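The structure under discussion appears below in the form of C-alpha coordinates.
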Amino acid sequence: MSFSPKFKIGDIVSIDDVKAEFQVGNCGSIRKSTENNCLVLISNHTSKTKEYNDNWQGDTFYYEGMNIKDKKLSGQNKALADGNLPAYLFEVYKNKEYTYQGQVKLAGNYEIKEISCKDGTKKDIIIFPLHKA
(Lines give C-alpha, C1' and ligand atoms only; values in the text may rest on other atoms or scores of the structure.)
Protein backbone atom coordinates (compact mmCIF):
# COMPACT_ATOMS: atom_id res chain seq x y z
CA MET A 1 0.00 0.00 0.00
CA SER A 2 1.41 3.39 -0.93
CA PHE A 3 1.72 6.24 1.54
CA SER A 4 -0.69 9.18 1.27
CA PRO A 5 -0.05 12.09 3.65
CA LYS A 6 -3.00 13.72 5.38
CA PHE A 7 -1.91 17.27 4.44
CA LYS A 8 -3.57 19.25 1.67
CA ILE A 9 -1.62 21.56 -0.64
CA GLY A 10 -1.28 24.94 1.04
CA ASP A 11 -1.57 23.58 4.60
CA ILE A 12 0.80 25.31 7.01
CA VAL A 13 2.12 22.88 9.61
CA SER A 14 4.89 22.65 12.21
CA ILE A 15 8.06 20.61 11.90
CA ASP A 16 6.63 18.32 14.58
CA ASP A 17 3.64 17.68 12.30
CA VAL A 18 5.99 16.88 9.39
CA LYS A 19 8.10 14.54 11.53
CA ALA A 20 5.07 12.72 12.91
CA GLU A 21 3.22 12.35 9.58
CA PHE A 22 6.20 11.24 7.50
CA GLN A 23 8.22 9.62 10.30
CA VAL A 24 11.41 11.51 9.47
CA GLY A 25 14.16 13.06 11.57
CA ASN A 26 14.80 16.72 12.26
CA CYS A 27 17.98 17.26 10.22
CA GLY A 28 18.74 17.96 6.60
CA SER A 29 16.91 19.46 3.67
CA ILE A 30 16.19 16.00 2.19
CA ARG A 31 14.82 13.54 4.74
CA LYS A 32 14.18 9.89 3.96
CA SER A 33 11.37 7.99 5.59
CA THR A 34 12.10 4.28 5.62
CA GLU A 35 8.74 3.63 7.32
CA ASN A 36 6.75 5.33 4.51
CA ASN A 37 9.27 4.72 1.71
CA CYS A 38 9.39 8.37 0.62
CA LEU A 39 11.44 11.56 0.74
CA VAL A 40 10.55 14.87 2.39
CA LEU A 41 12.13 17.96 0.83
CA ILE A 42 12.44 21.10 2.95
CA SER A 43 13.07 24.40 1.19
CA ASN A 44 13.77 26.93 3.91
CA HIS A 45 13.69 30.42 2.40
CA THR A 46 14.38 31.94 5.85
CA SER A 47 17.69 30.14 6.46
CA LYS A 48 20.59 32.44 7.24
CA THR A 49 23.18 29.69 6.72
CA LYS A 50 22.18 28.47 3.27
CA GLU A 51 24.19 30.16 0.49
CA TYR A 52 22.04 28.94 -2.37
CA ASN A 53 18.49 29.64 -3.41
CA ASP A 54 15.63 27.27 -4.22
CA ASN A 55 13.16 28.96 -6.55
CA TRP A 56 10.13 28.56 -8.79
CA GLN A 57 10.49 29.42 -12.47
CA GLY A 58 7.06 28.95 -13.96
CA ASP A 59 5.84 25.53 -12.88
CA THR A 60 9.36 24.17 -12.31
CA PHE A 61 10.87 24.29 -8.84
CA TYR A 62 14.68 24.35 -8.84
CA TYR A 63 15.57 22.57 -5.63
CA GLU A 64 19.15 22.74 -4.47
CA GLY A 65 19.95 19.51 -2.67
CA MET A 66 22.43 18.68 0.01
CA ASN A 67 26.15 19.49 -0.36
CA ILE A 68 28.12 17.07 -2.50
CA LYS A 69 31.78 16.15 -2.52
CA ASP A 70 33.88 15.29 -5.54
CA LYS A 71 30.85 15.80 -7.82
CA LYS A 72 29.48 12.40 -6.71
CA LEU A 73 25.89 11.68 -5.76
CA SER A 74 25.27 9.86 -2.50
CA GLY A 75 22.72 9.51 0.26
CA GLN A 76 19.51 11.49 -0.09
CA ASN A 77 20.75 13.35 -3.19
CA LYS A 78 21.13 9.99 -4.92
CA ALA A 79 17.72 8.84 -3.71
CA LEU A 80 16.11 11.97 -5.19
CA ALA A 81 18.11 11.73 -8.44
CA ASP A 82 17.14 8.06 -8.89
CA GLY A 83 13.46 9.07 -8.82
CA ASN A 84 12.37 5.75 -7.31
CA LEU A 85 10.77 7.20 -4.18
CA PRO A 86 7.86 9.63 -3.99
CA ALA A 87 9.01 13.07 -2.79
CA TYR A 88 6.94 15.62 -0.88
CA LEU A 89 7.86 19.32 -0.79
CA PHE A 90 7.51 21.81 2.05
CA GLU A 91 8.53 25.47 1.78
CA VAL A 92 9.32 27.71 4.75
CA TYR A 93 8.65 31.43 4.21
CA LYS A 94 8.12 32.27 7.88
CA ASN A 95 10.10 30.73 10.72
CA LYS A 96 8.56 27.48 11.98
CA GLU A 97 5.77 27.46 9.35
CA TYR A 98 6.06 24.64 6.79
CA THR A 99 3.80 25.10 3.75
CA TYR A 100 2.91 21.80 2.09
CA GLN A 101 3.34 21.96 -1.70
CA GLY A 102 2.40 18.35 -2.41
CA GLN A 103 4.19 15.55 -4.17
CA VAL A 104 6.90 16.48 -6.67
CA LYS A 105 8.90 14.54 -9.25
CA LEU A 106 12.01 15.15 -11.32
CA ALA A 107 11.29 17.27 -14.40
CA GLY A 108 14.61 16.71 -16.13
CA ASN A 109 18.28 16.11 -15.49
CA TYR A 110 19.92 17.50 -12.39
CA GLU A 111 22.85 19.92 -12.62
CA ILE A 112 25.97 20.22 -10.47
CA LYS A 113 27.02 23.82 -9.90
CA GLU A 114 29.90 25.42 -8.03
CA ILE A 115 28.89 28.30 -5.77
CA SER A 116 30.76 30.79 -3.60
CA CYS A 117 30.05 30.61 0.10
CA LYS A 118 29.68 33.56 2.46
CA ASP A 119 33.07 32.74 3.99
CA GLY A 120 34.79 32.96 0.58
CA THR A 121 35.18 29.23 0.00
CA LYS A 122 33.57 27.36 -2.88
CA LYS A 123 31.46 24.21 -2.88
CA ASP A 124 29.47 22.10 -5.30
CA ILE A 125 25.71 21.82 -5.03
CA ILE A 126 23.21 19.83 -7.01
CA ILE A 127 20.12 21.43 -8.54
CA PHE A 128 17.04 19.30 -9.15
CA PRO A 129 14.30 20.56 -11.49
CA LEU A 130 10.97 19.45 -10.02
CA HIS A 131 7.34 19.54 -11.10
CA LYS A 132 4.29 18.83 -9.01
CA ALA A 133 3.29 15.20 -9.49
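In table form, for the structure just shown:
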quantity	calculated
Residue that is among the charged types (D, E, K, R), on the phi > 0 side of the Ramachandran plot and in contact (Cβ under 8 Å) with a residue 24 or more places away in the chain, where the choices are LYS71, LYS94	LYS71
Conditions (1) in contact with a Pro (Cβ under 6 Å, 6 or more places away or on another chain); (2) within 21 Å of LEU130 (Cα to Cα): number failed by GLU21	(2)
Residue within segment 85-104 that is small (Gly, Ala, Ser) and exposed (fewer than 12 other Cβ atoms within 10 Å of the Cβ) present	no
In segment 105-126, residue surrounded by the fewest Cβ atoms within 10 Å (Cβ to Cβ) [restricted to those that are at pLDDT 95 or above and of a type in the set (A, V, I, L, M)]	ALA107
Matching residues, segment 113-133, being part of a strand (DSSP E or B), under 16 Å from the mean Cα position of the chain (by Cα) and not basic (Lys, Arg)	ILE125, ILE126, ILE127, PHE128, PRO129, LEU130, HIS131
Of all residues in segment 63-74 being under 13 Å from the mean Cα position of the chain (by Cα) and surrounded by fewer than 18 Cβ atoms within 10 Å (Cβ to Cβ), the one that is nearest to GLN101 (Cα to Cα)	MET66
In segment 93-129, the residues that are touching a helix residue (DSSP H, G or I) at 6+ places or on another chain (Cβ under 9 Å) and under 25 Å from GLY10 (Cβ atoms)	LYS96, TYR98, TYR100, LEU106, PHE128
Residue, surrounded by the most Cβ atoms within 10 Å (Cβ to Cβ), within segment 1-40, restricted to residues that are at pLDDT 95 or above and of a type in the set (Gly, Ala, Ser)	SER33
Filtered residue count, segment 98-112, keeping only those that are without any contact (Cβ under 8 Å) to a residue 60 or more places away in the chain and assigned to a strand (DSSP E or B)	5
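So that you can scan it fast, the table gives a plain yes or no per residue for (1) aromatic (Phe, Trp, Tyr); (2) in contact with a His (Cβ under 8 Å, 6 or more places away or on another chain); (3) not in a loop (DSSP other than H, G, I, E, B):
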{"residue": "PRO5", "(1), (2), (3)": "no, no, no"}
{"residue": "ILE9", "(1), (2), (3)": "no, no, no"}
{"residue": "CYS27", "(1), (2), (3)": "no, no, no"}
{"residue": "LEU41", "(1), (2), (3)": "no, no, yes"}
{"residue": "SER47", "(1), (2), (3)": "no, no, no"}
{"residue": "PHE61", "(1), (2), (3)": "yes, yes, yes"}
{"residue": "MET66", "(1), (2), (3)": "no, no, no"}
{"residue": "LYS78", "(1), (2), (3)": "no, no, yes"}
{"residue": "ALA81", "(1), (2), (3)": "no, no, yes"}
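The values are calculated or read from the model by the stated rules, or taken from the named source; none is laboratory data. Here the structure is a predicted model, which is why all the values come from computation and not from measurement. Note that each Cβ is placed from the backbone with ideal geometry, even for glycine, and that neighbours are counted across all protein chains shown.
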